[in-house]
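Down below is the structure, laid out as structure tokens.
The values are calculated or read from the model by the stated rules, or taken from the named source; none is laboratory data. Computed from a predicted model, the values in this text were never measured in an experiment. A quick note on method: Cβ atoms are made from the backbone with ideal geometry, for glycine too, and the neighbour counts reach across all protein chains shown.
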Amino acid sequence: DAGVTQSPTHLIKTRGQQVTLRCSPKSGHDTVSWYQQALGQGPQFIFQYYEEEERQRGNFPDRFSGHQFPNYSSELNVNALLLGDSALYLCASSLGSSNSPLHFGNGTRLTVT
Amino acid sequence: GNSVTQMEGPVTLSEEAFLTINCTYTATGYPSLFWYVQYPGEGLQLLLKATKADDKGSNKGFEATYRKETTSFHLEKGSVQVSDSAVYFCALSTLYSSASKIIFGSGTRLSIRP
């Protein structure tokens, strides 16, 4: 049973560029959430996708956008990268809007230079 | 707003020592409370949870009790092992958000000496 998979594992980008991160949810899950974890900090909620729509959003600027596909996989896009966007980006999947626990992937480490 | 404050690390203990990691929260309504663990090189994993006051969550020898009167959810283990070395995050979610929108504390790094 495959868990949550994220790609790539590491990425280096230059300030001002755009980046796309990918996530495949755990088998049987239909909801994907994205979190940003800065070094030494706890994860911060970016947004949640369910039924191909953004359902909830945290305090992140519009430069952060996403998409969910019919197979429930998801992408996180960040435009006009800033040095402060350097972080570990975590994808988590769950089942619907129930209180089912989140299952996290190992994350994508993004470095902006 | 909703927030979680947890004990700053790092915490270093000898094997078989007693562990407490303090966590307090601020929330509107009646939050669900969680402890997540992040082992080196791995993703976040749910360690335990409690959904209402006085509930005790437990897993792998770890326990935490939801204390509404002190707004706390301290993590305890009676005898730690080297394999418990990891970063531990206290977290909450509320009925007014969703189960996916979890608010995390800043994490406590735990190192266990053999």
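Quick look at the values:
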| item | result |
| --- | --- |
| Test: residue in region A:85-107 that is within 26 Å of B:GLY107 (Cα to Cα), more than 9 Å from every other protein chain (Cβ to nearest Cβ) and surrounded by fewer than 16 Cβ atoms within 10 Å (Cβ to Cβ) | no |
| Hits in region A:72-84 (condition: surrounded by fewer than 21 Cβ atoms within 10 Å (Cβ to Cβ) and either free of Cβ contacts under 8 Å to residues at least 60 places away in the same chain or more than 15 Å from the chain's Cα centre (by Cα) (or both)) | A:SER73, A:GLU75, A:ASN77, A:ALA80, A:LEU81, A:LEU82, A:LEU83, A:GLY84 |
| Candidate set from region B:74-114 (those that are within 16 Å of B:GLY1 (Cβ to Cβ) and aromatic (Phe, Trp, Tyr)); member that is modelled with the highest pLDDT | B:PHE104 |
| So A:GLN48, is it touching a residue at least 12 places away in the same chain (Cβ under 8 Å) and either crowded, with 22+ Cβ neighbours inside 10 Å or over 22 Å from A:GLY28 (Cβ atoms) (or both) | yes |
| Among (1) small (Gly, Ala, Ser); (2) outside any loop (DSSP other than H, G, I, E, B); (3) modelled with pLDDT under 95; (4) out of contact with any Gly (no Cβ under 9 Å at 6 or more places or on another chain), the one test that A:GLY96 misses | (2) |
| Failed criterion for B:GLU69 (all others in (1) within 23 Å of A:ALA92 (Cα to Cα); (2) out of contact with any helix residue (DSSP H, G or I) (no Cβ under 9 Å at 6 or more places or on another chain) hold) | (1) |
| Single residue of B:GLU42, B:GLU16, B:GLU69 found to be under 30 Å from A:PRO25 (Cβ atoms) and more than 12 Å from the chain's Cα centre (by Cα) | B:GLU42 |
| Matching residues, region A:34-45, being without any contact (Cβ under 8 Å) to a residue 40 or more places away in the chain and buried (at least 21 other Cβ atoms within 10 Å of the Cβ) | A:GLY42, A:PHE45 |
| Selection count, region A:72-84, where residues are hydroxyl-bearing (Ser, Thr, Tyr), more than 14 Å from chain B (Cβ to nearest Cβ) and touching a Gly at 6+ places or on another chain (Cβ under 8 Å) | 0 |
| Lone unmet requirement of (1) in contact with a Ser or Thr (Cβ under 6 Å, 6 or more places away or on another chain); (2) facing chain A (nearest Cβ under 10 Å); (3) of a type outside the set (S, T, N, Q) for B:ILE21 | (2) |
| Answer residue from region A:1-26, given it is loosely packed, with under 12 Cβ neighbours inside 10 Å and modelled with pLDDT under 95 and is farthest from the other protein chains (Cβ to nearest Cβ) among those | A:ASP1 |
